[in-house]
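Here the structure comes first, spelled out in structure tokens, and everything after it is commentary.
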Amino acid sequence: MLHNKKISVVIPVYNVGETILDFLNKIPDYVDKIYLIDDCCPMSTGTIAKESKVNPSKLSIIFNKKNLGVGGSVKIGYEKSLLDKSDIVVKIDGDNQMDPKEIENLLIPIISGDCDYSKGNRFINKNEIENYPLARFYGNIFLSFMSKLSSGYWDVFDPINGFTAIKLDVLKKINIKNVDNRYFFETDMLFNLYLNNVRVKDIPVEI
């Protein structure tokens, strides 16, 4: 727990492999439950994690019978967190692009009451990100504008960043089954959050 809040972490994995072990070892001790969703990973990420017995008391591994996409996998983790009655649910990809040590940065604004949904932003206070393709950078700007236009969240800049945290009460309000299962999951979440008047905040994160 963190500040008496039960925390769960949802990790969708596809083409990750053995690097998942180092990633899982970085998950902070205050996290109460870890849901790793193996989306028919050809590198057997879920099996690797299961055989390693990392965090056996906290880690639950779910194997999708068919590839559902990142959104479909996250929704399974959300549903498990709802049943588990976690106060806040964090979503982070298992490919080591985001540092699990920064999970607390997304949790604190929710715990303090500043927002209901926090979202990692890789570009706040940064002029350049090492090894980040220029085409992808400008592509993200375009996607950001389209997301602002469609969702109504004009303060959110990095819409495709999948490092997020959400209050359980807010998650209950969303008809999660209607959210896109694949590449538009993050932006579709923003749209559904806006429909429910959810307070969203950008949080600077490292990549």
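Some observations on this one:
- Scan of region 16-42 for residues that are in contact with a Cys (Cβ under 9 Å, 6 or more places away or on another chain) and without any contact (Cβ under 8 Å) to a residue 40 or more places away in the chain, ordered by number: G17
- Long-range neighbours under 6 Å by Cβ, at least six apart or interchain, first residue in contact (Cβ under 8 Å) with a residue 24 or more places away in the chain and part of a loop (DSSP other than H, G, I, E, B) within region 84-109, second open to solvent by less than 60 Å² (accessible area, probe 1.4 Å) and charged (D, E, K, R): S86/K6; D87/K6
- Complete set of residues in region 5-27 that are out of contact with any Asp or Glu (no Cβ under 7 Å at 6 or more places or on another chain), farther than 13 Å from M98 by Cα and in a loop (DSSP other than H, G, I, E, B): N15, G17, E18
- Pairs where the first residue, in region 57-73, is at pLDDT 95 or above and the second is part of a helix (DSSP H, G or I) and among the charged types (D, E, K, R), C-beta under 6 Å, 6+ apart: I61/K50
- Selected residue [open to solvent by 50 Å² or more (accessible area, probe 1.4 Å) and within 17 Å of E186 (Cβ to Cβ)] from V74, V90, V70: V70
- Residue in region 111-129 that is surrounded by fewer than 17 Cβ atoms within 10 Å (Cβ to Cβ), at pLDDT 90 or above and either within 16 Å of the chain's Cα centre (by Cα) or farther than 21 Å from D29 by Cα (or both) present: yes
- Taken residue by residue, region 144-163 has no member that is within 15 Å of V74 (Cα to Cα), of a type outside the set (A, V, I, L, M, F, W, C) and at pLDDT 90 or above.
The values are calculated or read from the model by the stated rules, or taken from the named source; none is laboratory data. The model shown is predicted, which means the values in this text are computed figures rather than measured ones. Ideal geometry is used to build each Cβ from the backbone, glycine not excepted, and the neighbour counts take in all protein chains shown. Keep in mind that these areas ignore ligands, DNA and RNA; they rest on the heavy atoms of the full protein, side chains included. Shrake-Rupley method; radii C 1.70, N 1.55, O 1.52, S 1.80 Å.
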